[in-house]
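The values are calculated or read from the model by the stated rules, or taken from the named source; none is laboratory data. All figures in this text were calculated on a predicted structure; none of them were measured in a lab. Because the Cβ atoms are built from the backbone with ideal geometry, glycine has one as well, and the counts that use them run over all protein chains shown.
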Amino acid sequence: MADDYKDIINLPHHTSKTRQRMSVYNRAAQFSPFAALTGYEEAVKETARFTDEKSELDEYQIAIINDKINIALEKKALNPILSITFFRPDSRKKGGEYVTVAGVIRKIDQVSHSLVLTDNTHIPIKFIYDIDSEIYENM
């Protein structure tokens, strides 16, 4: 058995005269793992990503938010800083997240039914969950 390869063991390595040698990089690529399910990892991560459901406000809570918006507009000259919590719908799946931003109201956009803050942040009024500020301490 030890003599099975005796006739070829000391021969020089064959080099083709018509083809170039493959680079080490291309040789390594032949043995790289194959991803049979392209995009599967991203799909699993997206499915596992947590989103909140939007809470529906009752008429009383909506009235309080409307009152707070009106008070902020009345005191607009004082530039009160408001802390506005609102629901931001997710663009890729059902649900979204609750976000709190701080700012001063610049105006109400009647076309898009949103509050516009001085930093040009647009917050749809129908998604507002709560508004807080020092100007509401007597409420």
- prompt: Which one of the conditions (1) loosely packed, with under 11 Cβ neighbours inside 10 Å; (2) at pLDDT 90 or above; (3) of a type in the set (D, E, K, R) does residue 67 fail to meet, given that it meets all the rest?
  reply: (1)
field: Enumerated helices (runs of 4 or more DSSP H) restricted to region 20-84, each holding at least 2 residues that are of a type outside the set (Phe, Trp, Tyr) and either under 29 Å from the mean Cα position of the chain (by Cα) or within 17 Å of residue 123 (Cα to Cα) (or both)
entry: 40-48, 59-74
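Within region 113-129, restricting attention to residues that are part of a loop (DSSP other than H, G, I, E, B) and of a type in the set (S, T, N, Q), which residue is surrounded by the fewest Cβ atoms within 10 Å (Cβ to Cβ)? Let's see the steps before the verdict.
Of all residues in region 113-129, those part of a loop (DSSP other than H, G, I, E, B) come to 113, 118-121.
After this cut, where a residue has to be of a type in the set (S, T, N, Q) as well, the list is 118, 120-121.
On the way: 118: 12, 120: 8, 121: 14.
Applying the filter and picking the extreme gives 120.
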- prompt: Right, residue 104: within 27 Å of the chain's Cα centre (by Cα) and of a type in the set (A, V, I, L, M, F, W, C) or not?
  reply: yes
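So that you can scan it fast, the table gives a plain yes or no per residue for (1) of a type in the set (Gly, Ala, Ser); (2) without any contact (Cβ under 8 Å) to a residue 40 or more places away in the chain:
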position	(1), (2)
48	yes, yes
90	no, yes
94	no, no
121	no, yes
- request: Examine region 48-64 for a residue that is at negative phi, surrounded by 10 or more Cβ atoms within 10 Å (Cβ to Cβ), in contact with a Pro (Cβ under 6 Å, 6 or more places away or on another chain) and not aromatic (Phe, Trp, Tyr), and state whether such a residue exists.
  value: no
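Name every residue in region 91-112 that is part of a loop (DSSP other than H, G, I, E, B), of a type outside the set (A, V, I, L, M, F, W, C) and surrounded by 13 or more Cβ atoms within 10 Å (Cβ to Cβ), in order of residue number. Show your work before the answer.
Taking region 91-112 as the starting set, the residues that turn out to be part of a loop (DSSP other than H, G, I, E, B) are 91-95, 104, 110-112.
Narrowing further to those that are of a type outside the set (A, V, I, L, M, F, W, C): 91-95, 110, 112.
Listed by number, the list holds a single entry, 95.
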message: For region 56-114, give me each residue that is over 20 Å from residue 136 (Cβ atoms) and hydrophobic (A, V, I, L, M, F, W, C).
response: 87, 111
message: Against the conditions (1) in contact with a Ser or Thr (Cβ under 9 Å, 6 or more places away or on another chain); (2) touching a residue at least 40 places away in the same chain (Cβ under 8 Å), where does residue 136 fall short? Just the number, please.
response: (1)
